[in-house]
Amino acid sequence: MQSSFPPPLNRLILLNRYALQGLSLTVIDNGPSITYAKDTNTMKEEFIMSQLTLAKAKEILPKYTTEDHLFTHALAVSAAMGAMADYFHADKDHWEAIGYLHDVDYEKYPHEHCHHVREFLEPEGVDEEDINTIISHGWGICDNDVEPTTDIEKSLFTVDELTGVVMAYALMRPEGITGMEVKGLKKKFKDKRFAAGCNRDVIKKGFEMLGLDAGVVMQACIDGMTAHKNELGLK
Ligand SMILES: [Fe+2]
Ligand SMILES: [Fe+2]
């Protein structure tokens, strides 16, 4: 199906690039998911990178991931990112998508995590900016020097580990995540033996980078995950 015109601005920039090369184009697909253009002279197809959507992220992750706990983690981080997007008045679907796909290369390359994101996501037509955002969550952890600098990157860096503490706390509470309060979560956060695998120093660094009080980010994680508690298998 031919898409309607004019396309969104970032697509227009890409289309102009083709136009400058004297190519005659037919754009395939619709809306935010314009994925490639067809050069009608040569019938050569070219990828056009587009911003990640949650639907696209859910299509991509199962190609590289099979383990249930990784899907649960993807959902938890996605849910928390949605709530952080609400806090920043940002594009919720986009932030949820980044959260959902952030560990895309983990199962296949646990010891080279974040170093294979580009090779997986470029052929899927994911934007360079989104690829960098995903890679930046391993800053200082996965031997990469892509530092989180934007609100979405800093949020991802912080909630990645923090959702683990929320999840562990929800699993031990008889009420699950229902009615969870920041006060109780802070106590568990301070107890380093609780959910010991969740790196408190990384989370604190994240709070600092965001310039937000720990309670604000904790509340966002609780809210986001509570909104998705059924999918997360929580009460
Ligand atoms: Fe990761
Ligand atoms: Fe993660």
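The values are calculated or read from the model by the stated rules, or taken from the named source; none is laboratory data. No experiment lies behind these values; they were computed from the predicted model shown. Glycine also receives a Cβ, built like all others from the backbone with ideal geometry; neighbour counts cover every protein chain displayed.
Can Ala220 be described as modelled with pLDDT of 95 or more, closer than 19 Å to Thr72 by Cβ, of a type outside the set (D, E, K, R) and assigned to a helix (DSSP H, G or I)?
Spelling it out, Ala220 is indeed modelled with pLDDT of 95 or more, closer than 19 Å to Thr72 by Cβ, of a type outside the set (D, E, K, R) and assigned to a helix (DSSP H, G or I).
Taking region 192-217 as the region of interest, how many residues are surrounded by fewer than 20 Cβ atoms within 10 Å (Cβ to Cβ), in contact with a helix residue (DSSP H, G or I) (Cβ under 9 Å, 6 or more places away or on another chain) and assigned to a helix (DSSP H, G or I)?
Number satisfying all stated conditions: 9.
Would it be correct to say that Glu59 is without any contact (Cβ under 8 Å) to a residue 12 or more places away in the chain and either aliphatic (A, V, I, L, M) or under 19 Å from Ile203 (Cα atoms) (or both)?
The answer is no for Glu59.
Collect the residues in region 158-185 that are charged (D, E, K, R) and either modelled with pLDDT under 95 or within 25 Å of Trp95 (Cα to Cα) (or both), keeping them in residue-number order.
Asp160, Glu161, Glu181, listed by residue number.
If we only count helices (runs of 4 or more DSSP H) wholly inside region 101-191, which ones have 2 or more residues that are buried (at least 23 other Cβ atoms within 10 Å of the Cβ) and touching a residue at least 60 places away in the same chain (Cβ under 8 Å)?
So the answer is 151-172.
Using beta carbons and a limit of 9 Å, which pairs, at least six apart or on different chains, have the first residue in region 192-219 and over 16 Å from Ala168 (Cα atoms) and the second one hydrophobic (A, V, I, L, M, F, W, C) and at pLDDT below 95?
Val202/Ile141
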